[in-house]
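Please read the structure below before turning to the comments.
Derivation of every value follows stated rules applied to the coordinates shown; laboratory data play no part. Only a predicted model underlies this, so the values are computations on that prediction, with no experimental measurement involved. Here Cβ is always computed from backbone atoms with ideal geometry, including for glycine, and neighbour counts include all displayed protein chains.
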Amino acid sequence: MGQPQIIISPMNKRSLNSPLQASMCSIGFQREGKWAPSPSVEIPLPEVIRIVAEHGFSGIEIWQPHWECLDTSGRLRALRLLQRHALQVPMLSAYYNFTKSEAHAADSLAKGHQVIAQAAELGAANIRIFTGNHRSADASPEQWQRTRRCLQELCDAAAPLGIGLCLETHDWNLMDTVPGTLRLLELVERPNLGLIFQASTFGPSTWYWALGHLLPWVRHVHAPPKKCGLAGDPHDFRTQLSTLLDHGFSGFVSLEYMGPDPWLAARSDGQWLISCCRQLSAASSATP
């Protein structure tokens, strides 16, 4: 549970030109109160950046409370550390609820504009989007249309800044199934709206089918390790990533760890993921 000293060898140096790169979700270093309205941050973002960099990741997916709680000097320190370690920020991840009610949607819309501004400060490529606590099969036409209007407004606000919105495939959201995900993409119809593909949404027997339908919109991947580790996961991350590369994907896959020991996860599953990304990128580059 402690914080070990990590010595970076030449084997651990990051390749910033690879089409497939590994990042780590900073929420993994928040072990309590992850989803509280105003969480008390356990480890400040500058320290998390240092840990993620020392373990050889190319990027860090930043949990929005990690950034929001920093004062001006803390934010400047975090930005300097990102630059020093050449860490990219592929995603700034916050929470929204467009489906629950008009009032919740209005609050989430305001939050979205705030997060877009924060993403611009960070140089983040995308912001993560959840739609709320209604599954696609249970949502009313009004809920679908309300979500459409809000996401269109946010996409239009983010586009001039070069920022994308990424719907995370997830249960208890409108993106809980392939038909629900495709319906929302079609309703919003914005070029800077894409997906975070999380195979566990669809299960070990159907994730490959789901990926085949969603490939054109995938901008980012989540890799949440189970007890068996990423290497033995039934969602077969190597095949996931190889399939994406074969279809022109270039981007990040984030280690999304939610357990008690993020340092161990970074050393074990993180190193496997980094190695997998490196190997698949090299093989892809070598293919004529």
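Just to be sure before I move on: is Thr131 of a type in the set (Val, Ile, Thr) and without any contact (Cβ under 8 Å) to a residue 60 or more places away in the chain in the structure I sent? Before the answer, list the steps.
Numbers: of a type in the set (Val, Ile, Thr): yes; without any contact (Cβ under 8 Å) to a residue 60 or more places away in the chain: yes.
It is true that Thr131 is of a type in the set (Val, Ile, Thr) and without any contact (Cβ under 8 Å) to a residue 60 or more places away in the chain.
Cβ-Cβ under 9 Å, sequence separation 6+ or interchain: first residue in the range 32-43 and in contact (Cβ under 8 Å) with a residue 60 or more places away in the chain, partner aliphatic (A, V, I, L, M) and outside any loop (DSSP other than H, G, I, E, B). Which pairs?
Lys34/Ile27
Any idea which of (1) out of contact with any strand residue (DSSP E or B) (no Cβ under 9 Å at 6 or more places or on another chain); (2) touching a residue at least 40 places away in the same chain (Cβ under 8 Å) is the one Met175 doesn't satisfy?
(1)
Look through the range 252-288, keep the residues that are small (Gly, Ala, Ser) and buried (at least 20 other Cβ atoms within 10 Å of the Cβ), and return whichever of them is nearest to Val218 (Cα to Cα). Explain how you work it out, then say what you get.
Step one: list which residues in the range 252-288 are small (Gly, Ala, Ser), which gives 254, 259, 265-266, 268, 270, 275, 281-286.
Next cut, buried (at least 20 other Cβ atoms within 10 Å of the Cβ) only: 254, 265-266, 270.
Values: Ser254: 13, Ala265: 25, Ala266: 24, Gly270: 21 Å.
If we take residues in the range 252-288 being small (Gly, Ala, Ser) and buried (at least 20 other Cβ atoms within 10 Å of the Cβ), then Ser254 is nearest to Val218 (Cα to Cα).
Among the residues of the range 203-210, are any out of contact with any Ser or Thr (no Cβ under 8 Å at 6 or more places or on another chain) and within 22 Å of Ser250 (Cα to Cα)? Walk me through how you get there before you give the answer.
Here is the first cut: in the range 203-210, the residues out of contact with any Ser or Thr (no Cβ under 8 Å at 6 or more places or on another chain) are 203-206, 209.
Filter once more, so that each one left must be within 22 Å of Ser250 (Cα to Cα): 209.
Yes: the range 203-210 contains one or more residues that are out of contact with any Ser or Thr (no Cβ under 8 Å at 6 or more places or on another chain) and within 22 Å of Ser250 (Cα to Cα).
Yes/no matrix, rows are residues, columns are (1) crowded, with 20+ Cβ neighbours inside 10 Å; (2) of a type in the set (Gly, Ala, Ser):
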site	(1), (2)
Ala110	no, yes
Phe130	yes, no
Arg135	no, no
Arg149	no, no
Asp156	no, no
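Among the residues of the range 183-202, which ones are assigned to a helix (DSSP H, G or I), aliphatic (A, V, I, L, M) and closer than 23 Å to Ser254 by Cα? Talk me through it step by step, then tell me what you get.
Just the residues of the range 183-202 that are assigned to a helix (DSSP H, G or I), to begin with: 183-188, 199-201.
Checking the rest, the ones that are also aliphatic (A, V, I, L, M) come to 184-185, 187-188, 199.
If the condition is that a residue be assigned to a helix (DSSP H, G or I), aliphatic (A, V, I, L, M) and closer than 23 Å to Ser254 by Cα, then Leu185, Ala199 are the ones that fit.
Filter the range 78-118 for residues that are closer than 20 Å to Leu195 by Cα and in a loop (DSSP other than H, G, I, E, B) and give the result.
Selection gives Val89, Pro90, Met91, Ala94, Tyr95, Tyr96, Asn97, Phe98, Thr99.
For the range 48-76, enumerate the residues that are charged (D, E, K, R) and within 30 Å of Ser250 (Cβ to Cβ). Can you show your working first?
Here is the first cut: in the range 48-76, the residues charged (D, E, K, R) are 50, 54, 61, 68, 71, 75.
If the condition is that a residue be charged (D, E, K, R) and within 30 Å of Ser250 (Cβ to Cβ), then Arg50, Glu54, Glu61, Glu68, Arg75 are the ones that fit.
Going through Asp236, Asp261, Asp269 one at a time, which residue ends up being of a type in the set (Asp, Glu), touching a Leu at 6+ places or on another chain (Cβ under 8 Å) and more than 20 Å from Ala94 (Cα to Cα)? Working first, answer last.
On the way: Asp236 fails: touching a Leu at 6+ places or on another chain (Cβ under 8 Å); Asp261 fails: touching a Leu at 6+ places or on another chain (Cβ under 8 Å).
Unique residue meeting the criteria: Asp269.
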